[in-house]
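In what follows, a structure is listed as structure tokens, so that the remarks can point back to it.
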Amino acid sequence: MSLRSRIANVFRNDRLSREIDEELRSHIEEGIARGRDPVEARRAFGSALRQREHSRDVRLVAWLDSLRADAVFGWRQLMKRKVTSAAAILSLGLAIGACTAAFRLIDALLLRPLPVAHADNLYAISFAGINPDGKARSYDSCSYPMFRQMRAAVRGKAELIAVSQTGRVDLTYGSDQEMEKAYWQSVSGWMFRALGLRPVLGRTLTENDDLTPGAQPYAVLSFDYWTRRFARDPGVIGRSFRKGDSLYTIAGVGPERFTGTEPGIVTDIFVPTMMNAGAIHSANSFWLRILVLPKPGVAVDPLRAQLHSVYWAFEHERAKGFVNYTRQDMATFPQDQLLLEPAAAGVSGMQKDYRRSLAALGVLVGLVLLIACANVANLMTAQAASRAREMALRVSIGAGRLRLVQLVLLESAWLALLSAAMGGVFAWWAAPFVVARINPEFNPARLVLPADWRVFGFGTALTAAVTLLFGLLPALRASAVKPALALKGGGQPHSGRRSMHVLIAVQMAFCVLVLFVAGLFAATFEGLSHQPAGFSAERLLALEVASQAGQPAVNWEQVAGHLRTVPGVEKVALAGWPLLSGTMSNNHVSVQGATPGSVLCFFLSVSPGWVDTMRIPFLNGRDFRPGDAYPGAAIVNRTFARQYFGGADPVGQSFETVGAKGERTRLEIVGLVADAQYRSLREPVLPVAYIPFRSAPEQSRRSATLMVRTASQDPRALISILRQEIPRARAGFRLSTAFTQESLVAAQTVRERLLAALALFFAGVALLLAGVGLYGVLDYAVLQRRREIGIRMALGARPGDIVRGVTAEVYWMVLAGAGGGIVLGMGSAKWVATLLFQVKPTDPAMLLLPLATILAVALVAALPAAMRAVRIDPATMLRSE
């Protein structure tokens, strides 16, 4: 019989049995037909059961048939205990789903290689050093002249590719009133060729497109943008769009899977770096990253050393223009080290921001999975103990111990498979849900989250590991049953309890660790969300307004004046950009002609009334007047006064800004205001000087921010009205982006809010699992000792003694596990320290709260078992003896 037929027979068991029975009958009937006595014919044929089993073994694959039979039996066992099975599947499914969702996020952001040729040989240049305050710093941006020198130095050894950071820009395929947003990235013209990327339509950029500043306004669309914006219209080739003053022509569409070099952002449009003509020749404009693709056979370390030499020489020459640098400073500048970091998965700011966060999330979900596995392992151990007689009977009639292990493991596999199916659904929903909350709503993150072989392989491996984690120990215990002792009704009273108690201690340790870390993240979010910003963000809109042509300050003020007349608007002021937007301008400052210090001063241009609109308190002096212009007057914050004037009142004093070439600009301080956060809530307050929005001589602006304080509690309700009023105020102006100042403040805590929410969710799941697991162990202890409890009660034991006898050993394990969890938590505090803000892991509250919580859960979980123990009827137990 062929192997295919034997395999097929495994899954048509009833039909095979009928065929075998018919064959056996035919042999006996044939003997009877030849004149033999029916009884003698059956005796001569031998045992029908043995013949049937032999025929089955010949006609099917025996080991596969045993798997099928045990799988069917395991399924029936699950169906007999539907509530228990459902609880196990729910807890495991949630844990597996969380692990799979975490893997999808980590894989998409940190692990998944870019869909380019030789991704494993791709590197990115970064720089690492020490700040003046002693803290480590790292960055990965450089100027185009530096890139050009580096590329020339290693030509023939490696290909260097310049890529800018992807940003949102305004562009239009029609009139100014049809402006739309797109994600824009400037790249070297040879990037597509070097990375082996072929267009699906038209052509990609070439090196000839990237030779002369502003000369080749060609663009390549990403496949994703072509699909979303143009529904894959092939007629898009040759079509034009305008960004600023430049008119671009669409040359082609990139490959389907390539979405740029920055995980977390899906680039829409690629243009040559030379189209950023204003920054091409500036050595002080750090706006691009450098990707390095070594040639075959070129070692990375010597290449890095050569690039570092170019970097050091370039920066040393650039520093000669720094007037505030002493001879000693020049001798040691630059001190940063050039690094070549693997960039197979691309390189982005989101990777840097969320690398540790995702690692912490992965550890948390892993701990929850281990808690769930320990929980189900205890459940399976208890069930194995209750099935000791069944297992003993199987051994007595010839079942091998390996077959018993297989039987229990297949039941565990059913649980794991059903849990994996549920977890897959949860992961499919959870990963995009988390991604939607990574960035603020006005700049959402986009991660490619395919359900491909990588995710399927991880899920399969995780399911197999889970099966072994919670199924192997009960399976081994079931196979070790002693038939004679079990069939007599005896057993080893402590055989199952020790392993269950150990698992309880492990559960408690992991649960306390999850609670401890969750408490740290929650405290960090609480502290950061209540960090004073120094201004009032309520009812405040930030309107980023743009104009096709540069506009003088008087025209901007005309727009602001018109918006003040709109119903529902209380105050309007102009600024270069909103506070906490991340945009900045800084310079060195000199007081009384002294040499500028190393501490930078930060600047922001604002109009009269801006301080009042932001509700920043004046401490002394006055606001800007309509006639004030830059250079001239300045308003400074308290930190500025403390840094440069020793805390004295600076109103009436003056200072100078010092440019890179030594040029000095004098400013007179007319006002002193309270501190307000300039760039980030996480950093100390910076010294800030607010300068007039007007300038002399007059300089035109293409963009500015209108800060609008509204009467309504929901300022977003006015956005549509203000969008219409801005072009009515003056032709040529339009609203580019609108958001609330509160959303900018909330964006400062996006990572902390996400971590706190996820950590608290998993802490709740861990507590629930720990409580259920503890209840199961205590209930099992009462069940195993019910006869002993009955005898003790008959002899006069009090209920309190009974409860202590049942719970004492388990509670010692709870305390031991909780203590171990605190130790693990203290050990992990240093690792998560970079994710914390003004939180001390050694704070007694951080240590005692998880311990108190787990003890409270243990008390609640113990109540049902204690009630069951004291309700045991001694007479019933004695009669059963």
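The values are calculated or read from the model by the stated rules, or taken from the named source; none is laboratory data. Predicted model only: the values in this text are computed from it and were never measured. Ideal geometry is used to build each Cβ from the backbone, glycine not excepted, and the neighbour counts take in all protein chains shown. These area figures cover heavy atoms from the full protein model, side chains too; ligands, DNA and RNA do not enter into them. Shrake-Rupley method; radii C 1.70, N 1.55, O 1.52, S 1.80 Å.
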> Within segment 346-439, which helices (runs of 4 or more DSSP H) (wholly inside it) include 3 or more residues that are surrounded by fewer than 18 Cβ atoms within 10 Å (Cβ to Cβ) and modelled with pLDDT of 80 or more?
Replying inline: 349-386, 401-435
> Quick check: anything in segment 182-190 assigned by TED's automatic domain parsing to the domain that holds residue 256, assigned to a helix (DSSP H, G or I), touching a residue at least 60 places away in the same chain (Cβ under 8 Å) and under 26 Å from residue 313 (Cα atoms)?
Replying inline: no
>> Tally up the residues in segment 285-309 that are charged (D, E, K, R) and more than 18 Å from residue 190 (Cβ to Cβ), please.
In response: 2
>> Taking the condition of being open to solvent by less than 20 Å² (accessible area, probe 1.4 Å) and part of a loop (DSSP other than H, G, I, E, B), how many residues in segment 191-203 meet it?
In response: 2
> Taking segment 680-700, which residues are modelled with pLDDT of 90 or more and basic (Lys, Arg)?
Replying inline: 694
>> Six or more apart or on different chains, Cβ atoms under 8 Å: show the pairs whose first residue is in segment 499-515 and not assigned by TED's automatic domain parsing to the domain that holds residue 377 and whose second is polar (S, T, N, Q) and open to solvent by 20 Å² or more (accessible area, probe 1.4 Å).
In response: 513/828; 515/853
>> Filter segment 155-181 down to the residues that are in a loop (DSSP other than H, G, I, E, B) and within 29 Å of the chain's Cα centre (by Cα) and list them by number.
In response: 165, 166
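I'd like the residue in segment 503-561 that is among the aliphatic types (A, V, I, L, M) and more than 31 Å from the chain's Cα centre (by Cα) and, out of all such residues, is farthest from residue 821 (Cα to Cα).
First, the residues of segment 503-561 that are among the aliphatic types (A, V, I, L, M): 503-506, 508-509, 512-515, 517-518, 520, 522-523, 528, 533, 537, 540-543, 545-546, 549, 553-554, 559-560.
Cutting the leftovers down to more than 31 Å from the chain's Cα centre (by Cα) gives us 545-546, 549, 553-554, 559-560.
Values: 545: 54, 546: 56, 549: 63, 553: 62, 554: 65, 559: 61, 560: 59 Å.
Restricting to residues being among the aliphatic types (A, V, I, L, M) and more than 31 Å from the chain's Cα centre (by Cα), the top hit is 554.
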> Which condition number in (1) open to solvent by less than 60 Å² (accessible area, probe 1.4 Å); (2) over 30 Å from residue 643 (Cβ atoms); (3) part of a loop (DSSP other than H, G, I, E, B) is the one that residue 781 fails?
Replying inline: (3)
>> Of everything in segment 784-798, what is hydrophobic (A, V, I, L, M, F, W, C) and in contact (Cβ under 8 Å) with a residue 12 or more places away in the chain? Give them in sequence order.
In response: 789, 791, 793, 794
> So which residues in segment 646-703 are aliphatic (A, V, I, L, M), farther than 24 Å from residue 598 by Cβ and either outside the structural domain of residue 606 (by TED's automatic domain parsing) or open to solvent by 30 Å² or more (accessible area, probe 1.4 Å) (or both), if there are any at all?
Replying inline: 651, 696
>> Report every pair of residues separated by at least 6 positions or lying on different chains whose Cβ atoms are under 8 Å apart, first residue within segment 631-646 and in contact (Cβ under 8 Å) with a residue 40 or more places away in the chain, second buried (at least 18 other Cβ atoms within 10 Å of the Cβ) and in a helix (DSSP H, G or I).
In response: 635/611
>> So if I check each of 855, 849, 824, 859, which one is open to solvent by 50 Å² or more (accessible area, probe 1.4 Å), modelled with pLDDT of 80 or more and more than 23 Å from residue 502 (Cα to Cα)?
In response: 849
> What strands (runs of 3 or more DSSP E), lying completely within segment 543-640, carry at least 1 residues that are among the charged types (D, E, K, R) and assigned by TED's automatic domain parsing to the domain that holds residue 663?
Replying inline: 569-575
> So, in segment 706-758, of the ones that are of a type in the set (Ser, Thr, Tyr) and in a helix (DSSP H, G or I), which residue ends up most open to solvent (accessible area, probe 1.4 Å)?
Replying inline: 720
